Amino acid sequence: GTVGRFQYDAILCPKGTYNDFGKRSSIAGECRPCSQAKFFGARECSNDSSDVEGEINFLGELFASTHGNNWNNSAGWQSTEDYCGWFGVGCNANGEVVKISLGENGLTGTPSSSIFKLPSLRELNLEHNEINFSFDGISQAASLTIVRLSGITLNTVVGIGAVSYTHMTMRQTH
């Protein structure tokens, strides 16, 4: 089949390569070299490392503000490499953070509002942690559609309507 004909383990462009479709095929053509393409299926080659640095900084602020050293699982969070492999972080093919899932992970404190600056964040799950959550700055989270906040402390709902959610769970808040 197509996979065997192109001599790849999969049709997706391998790490270190990209093309407009993120896959090698007769239509998409060859996967081109790109040292910035750190994920399978990359559709663009970005030379803008500030995006990566920004995402690492925003995640780092979340880690610090919720006492990450005391989390149940903080695998990868002390590293500056491959944040898409950090526990609870999910990325798309372009390496942009699309999901943070840290429910029931021992977070404490007040999560930094900088997480709302992650431009591609679609899903946020901070359920069942001892945190004080605020919607301050959520208007910056244009891609956010799923928010799970059950079992947390919610002091105010100011700002909650600033984003169009498709799903929000906030049961059993303190």
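Which residue, of 89, 97, is in contact with a Pro (Cβ under 9 Å, 6 or more places away or on another chain) and at pLDDT 85 or above?
97
Could you check how many residues of the stretch 44-58 are within 11 Å of residue 96 (Cβ to Cβ) and at pLDDT below 80?
4
Contact list please: Cβ distance under 7 Å, first residue in the stretch 139-162 and under 16 Å from residue 127 (Cβ atoms), second residue among the basic types (Lys, Arg), pairs at least six apart or on different chains.
144/122; 146/122; 150/171
Can you tell me how many residues within the stretch 73-132 are open to solvent by less than 20 Å² (accessible area, probe 1.4 Å), of a type in the set (A, V, I, L, M, F, W, C) and part of a loop (DSSP other than H, G, I, E, B)?
So the answer is 7.
Counting just the residues of the stretch 25-43 that are at pLDDT 75 or above and basic (Lys, Arg), which one comes out most open to solvent (accessible area, probe 1.4 Å)?
43
This table checks each residue for (1) farther than 30 Å from residue 41 by Cβ; (2) more than 17 Å from the chain's Cα centre (by Cα); (3) not hydrophobic (A, V, I, L, M, F, W, C).
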| residue | (1), (2), (3) |
| --- | --- |
| 62 | no, no, no |
| 73 | no, no, yes |
| 87 | no, no, no |
| 122 | no, no, yes |
| 129 | yes, yes, yes |
| 132 | yes, yes, yes |
| 152 | yes, yes, no |
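The values are calculated or read from the model by the stated rules, or taken from the named source; none is laboratory data. Keep in mind that this is a model prediction, so the values were computed, not measured. Don't worry about glycine lacking a Cβ; one is built from the backbone with ideal geometry, like all the others, and counts go over all protein chains shown. Heavy atoms of the whole protein, side chains included, go into the accessibility calculation; ligands, DNA and RNA do not. Shrake-Rupley method; radii C 1.70, N 1.55, O 1.52, S 1.80 Å.
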